[in-house]
Amino acid sequence: MGISTIGVVGAGQMGSGIAQVAATAGIEVVLQDVSPDGLTKAKSRIEQSLLKLCEKGKLSAADVNSAKQRIQTTQHLEDLSRADLVIEAASENPQLKYDIFRKLDSICRDEVILSTNTSSISITVIAAQTRRPDRVVGMHFMNPVPLMKLVEVIRGLRTSGATFQAVRSVGEKMGKDCIESKDFPGFVVNRVLMPMINEACYALFEGLASAQDIDNAMKLGTNQPMGPLALADFIGLDTCMAILNVMHEGLGDPKYRPCPLLKQYVAAGLLGKKAGQGFYKYAV
């Protein structure tokens with residue numbers, strides 16, 4: 001089955017980024033979100049991102065206009081019925097995702113592939129909410145989507161080879177490098193990244209060094225472009241904690257238990273850059 005139209009569920013930072021790279025690659029996009037304000041912000045975010053790429057010479061003005069015209073927005077999940085592939089990019093909440101997939105299963109044609117951008121939740125369990133587990137797969141894009149090259153493609157226990165190859169091809173058409181991961185909590189990137197972020201939180205919690213010194217140590221000592229605490233702020237401390245909780249529960253190893261300081265920051269609403277403060281303060 002050819003994929004000429006992609007539906008994207010969720011118009012937040014990840015969903016709008018996925019919509020942008022798909023449209024830039026010449027694919028028609030239907031971007032859905034229940035919030036009209038969220039859709040308005042997404043359109044503005046996409047336009048600003050496209051214009052920045054144009055200013056840097058990576059896109060022409062014609063490319064920008066064509067990409068914008070390929071993106072339609074809607075508040076109604078039913079409008080994704082014409083999509084050939086749906087990518088869910090809603091909040092990292094298992095029950096929310098299960099509900100969305102049950103609805104998509106009834107809305108979309110039998111041959112449509114349903115994909116999730118989850119960063120940690122089991123693809124096999126998500127697929128089990130549908131009558132098409134062979135056509136459910138993970139497509140974990142990195143943030144910010146227009147700039148980051150990687151997509152993790154995750155097979156659920158019953159994901160077919162044809163489904164895997166189809167979404168890998170779409171990812172490559174979007175200009176991404178795709179890797180394959182088995183369906184275990186955290187997949188590849190977060191399985192390695194989140195323990196590092198969590199350990200940086202413990203180092204700060206235990207008074208080993210300041211947040212700035214911890215980040216500088218990792219940047220200057222291991223050649224990382226961004227320190228782990230600054231990266232946690234960028235990802236969102238609530239998202240980091242949610243991923244760690246999934247890994248802790250799914251793998252049963254105490255090394256994935258979220259640091260008490262991380263939990264305290266989340267409880268206080270200090271969620272990182274999006275909230276104006278996390279381990280660092282940001283202009284809102």
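The values are calculated or read from the model by the stated rules, or taken from the named source; none is laboratory data. Keep in mind the model is a prediction, meaning the values are calculated, not measured. Positions of Cβ are generated from backbone atoms using ideal geometry, with glycine treated the same way; all protein chains shown enter the neighbour counts.
In region 184-220, which residues are modelled with pLDDT under 95 and touching a Leu at 6+ places or on another chain (Cβ under 6 Å)? Correct list: PRO185 only. Applying a threshold of 6 Å to beta carbon distances and a minimum spacing of six or more residues, or different chains, the list of pairs starting in region 38-58 at a residue that is under 9 Å from ALA11 (Cα atoms) and assigned by TED's automatic domain parsing to the domain that holds ALA89 and ending at one that is acidic (Asp, Glu) and modelled with pLDDT of 95 or more reads LEU39/ASP33. Of everything in region 185-222 that is loosely packed, with under 15 Cβ neighbours inside 10 Å and in contact with a Gly (Cβ under 9 Å, 6 or more places away or on another chain), the residue that is nearest to ASN117 (Cα to Cα) is VAL192.
In the set (1) out of contact with any helix residue (DSSP H, G or I) (no Cβ under 6 Å at 6 or more places or on another chain); (2) more than 30 Å from GLY7 (Cα to Cα); (3) not hydrophobic (A, V, I, L, M, F, W, C), the condition left unmet by TYR265 is number (1).
Residues MET247, MET241: which one is buried (at least 21 other Cβ atoms within 10 Å of the Cβ), modelled with pLDDT of 95 or more and either in a loop (DSSP other than H, G, I, E, B) or not hydroxyl-bearing (Ser, Thr, Tyr) (or both)?
Values: MET247 fails: modelled with pLDDT of 95 or more.
Result: MET241 is the single residue among MET247, MET241 that is buried (at least 21 other Cβ atoms within 10 Å of the Cβ), modelled with pLDDT of 95 or more and either in a loop (DSSP other than H, G, I, E, B) or not hydroxyl-bearing (Ser, Thr, Tyr) (or both).
Which ones in region 71-83 are of a type outside the set (S, T, N, Q) and either closer than 15 Å to THR159 by Cα or under 20 Å from the mean Cα position of the chain (by Cα) (or both)?
Taking region 71-83 first, the residues of a type outside the set (S, T, N, Q) are 71, 76-80, 82-83.
ILE71, LEU77, LEU80, ALA83, listed by residue number.
Looking across region 262-284, the residues that are buried (at least 17 other Cβ atoms within 10 Å of the Cβ) and in a helix (DSSP H, G or I) come down to LEU262, TYR265, VAL266, LYS273, LYS274, ALA275.
Taking into account only those residues within region 188-244 that are charged (D, E, K, R) and within 18 Å of the chain's Cα centre (by Cα), which is nearest to ASN93 (Cα to Cα)? Can you show your working first?
Residues of region 188-244 that are charged (D, E, K, R), as a first pass: 191, 199, 206, 213, 215, 219, 233, 238.
Subsequent filtering for residues that are within 18 Å of the chain's Cα centre (by Cα) retains 191, 233, 238.
Working: ARG191: 18, ASP233: 19, ASP238: 11 Å.
Going through the qualifying residues, I end up with ASP238.
Scan region 250-261 residue by residue and report those that are assigned to a helix (DSSP H, G or I), among the hydrophobic types (A, V, I, L, M, F, W, C) and modelled with pLDDT of 95 or more. Within region 250-261, LEU261 is the sole residue that qualifies. Screening region 258-273 for residues that are of a type outside the set (A, V, I, L, M) and in contact (Cβ under 8 Å) with a residue 40 or more places away in the chain and picking the one that is farthest from CYS201 (Cα to Cα) gives LYS273. Pairs linking a residue in region 212-233 that is within 13 Å of LYS281 (Cα to Cα) to a residue that is among the charged types (D, E, K, R) and crowded, with 17+ Cβ neighbours inside 10 Å, with Cβ atoms under 8 Å and 6 or more positions apart or on different chains, are LEU229/ASP215; ALA230/ASP215; ASP233/LYS273. Mind listing whichever residues of region 32-84 are among the small types (Gly, Ala, Ser), farther than 23 Å from THR239 by Cα and assigned to a loop (DSSP other than H, G, I, E, B)? Of everything in region 32-84, those that are among the small types (Gly, Ala, Ser), farther than 23 Å from THR239 by Cα and assigned to a loop (DSSP other than H, G, I, E, B) turn out to be GLY57, SER60, ALA83.
For GLY2, indicate whether it is of a type in the set (Gly, Ala, Ser) and not in a helix (DSSP H, G or I). So that I can check it myself, show each step before the final result.
Working: of a type in the set (Gly, Ala, Ser): yes; not in a helix (DSSP H, G or I): yes.
Yes.
Can you tell me which of GLU78, GLU55 is of a type in the set (Asp, Glu) and closer than 20 Å to ALA23 by Cβ?
On inspection, the qualifying residue turns out to be GLU55.
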